[in-house]
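Remarks on the structure that follows.
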Amino acid sequence: MGKQPVLYSYWRSSCSWRVRIALNLKEIPYDIKAVSLIKGGGEQHCNEYREVNPMEQVPSLCIDGHTLIESLNIMHYLEETRPQRPLMPQDCFKRAKVREICEMIASGIQPLQNLIVLIYVGEEKKKEWSQHWITRGFRAIEKLLSTTAGKYCVGDEITLADCCLVPQVFNARRFHVDLRPFPIILRIDRELENHPAFRAAHPSSQPDCPPEVAK
């Protein structure tokens, strides 16, 4: 075996969090290299990190002698190269539904409340802005889950969709979104909150989590 994978991560980044969950579920040991998105205007913008990730974002994963960026891409690579603990269903339609939920979150919700967007929106408007887009996205996801969910997002096995959903629920709470209209989302989040792989990936469990936030 080669060197242990290295994940460039920020404790509160939901994109980093998704990948941490997937790595944990697949029981892949990894090291974390913390990249602060706020210190000194953001370490992700420094020349050294730009060589790792030209988008100047987290996460990035160094694995198998390669550097990969973009969280969904990283998770699919893990699924394809380490299939022994699958996070995608065998059934083609169910696989499509997992990808659908992942994309709805990773493309349709999360980028709209990303740090660079909120800085542009401004301090006064960022909470209202985030609540609007998260609520809009969760309405669609709740409707989809009414047809796909079993114990988890798609059936009774944990999938990549669950890896994406849990961090987004955390973000929703952070911006004080009213989650009462989304009982399926809340039920799945409760189902997973004490799962060891999810707990270990939680922001409060990260080495770069500020002491005042850590549990």
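The values are calculated or read from the model by the stated rules, or taken from the named source; none is laboratory data. Source: prediction; values computed, not measured. Here the Cβ is made from the backbone with ideal geometry for all residues, glycine too, and neighbour counts use every protein chain on show. Heads up: the accessible areas ignore ligands, DNA and RNA and are worked out on the full protein's heavy atoms, side chains in. Shrake-Rupley method; radii C 1.70, N 1.55, O 1.52, S 1.80 Å.
Can Ala34 be described as of a type in the set (Gly, Ala, Ser), surrounded by 17 or more Cβ atoms within 10 Å (Cβ to Cβ), out of contact with any Gly (no Cβ under 8 Å at 6 or more places or on another chain) and farther than 26 Å from Leu179 by Cα?
yes
List every residue pair whose Cβ atoms sit under 7 Å apart, with the two residues 6 or more apart in sequence or on different chains, where the first one lies in the stretch 15-39 and is farther than 20 Å from Gln168 by Cα and the second, anywhere, is in a loop (DSSP other than H, G, I, E, B) and basic (Lys, Arg).
Going by the 7 Å Cβ cut-off, the qualifying pairs are Lys26/Arg82; Lys26/Arg85; Glu27/Arg85; Ile28/Arg82.
Going residue by residue through the stretch 49-61, is there one that turns out to be farther than 25 Å from Val169 by Cα and touching a Ser or Thr at 6+ places or on another chain (Cβ under 7 Å)?
yes
Please tell me if Glu100 is of a type in the set (D, E, K, R), open to solvent by 40 Å² or more (accessible area, probe 1.4 Å) and part of a helix (DSSP H, G or I).
yes
Filter the stretch 83-101 for residues that are under 14 Å from Thr148 (Cβ atoms) and either among the acidic types (Asp, Glu) or at pLDDT below 95 (or both) and give the result.
Listed by number, the residues that qualify are Asp91, Glu100.
When residues of the stretch 40-69 are filtered for being free of Cβ contacts under 8 Å to residues at least 40 places away in the same chain and under 19 Å from the mean Cα position of the chain (by Cα), how many remain?
Within the stretch 40-69, residues that are free of Cβ contacts under 8 Å to residues at least 40 places away in the same chain and under 19 Å from the mean Cα position of the chain (by Cα) number 6.
Here's the yes/no breakdown for (1) under 26 Å from Ile38 (Cα atoms); (2) over 16 Å from the mean Cα position of the chain (by Cα):
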site	(1), (2)
Lys94	no, yes
Arg99	no, no
Ala106	yes, no
Pro111	yes, no
Leu118	yes, yes
His132	yes, yes
Val154	no, yes
Cys164	yes, no
Leu179	no, yes
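Residue check, Ser60 against (1) among the hydroxyl-bearing types (Ser, Thr, Tyr); (2) more than 25 Å from Ala149 (Cβ to Cβ); (3) open to solvent by 20 Å² or more (accessible area, probe 1.4 Å), all met but one. Which one?
The failed condition is (3).
How many of the residues making up the stretch 62-109 are among the aromatic types (Phe, Trp, Tyr) and more than 18 Å from Ser9 (Cα to Cα)?
Matching residues across the stretch 62-109 total 1.
Being of a type in the set (Ser, Thr, Tyr) and in contact with a Lys or Arg (Cβ under 9 Å, 6 or more places away or on another chain) is the filter here; which residues of the stretch 1-31 pass it?
Correct list: Tyr8, Ser9, Tyr30.
Scan the stretch 142-168 for residues that are surrounded by fewer than 23 Cβ atoms within 10 Å (Cβ to Cβ) and out of contact with any strand residue (DSSP E or B) (no Cβ under 9 Å at 6 or more places or on another chain) and report the count.
10
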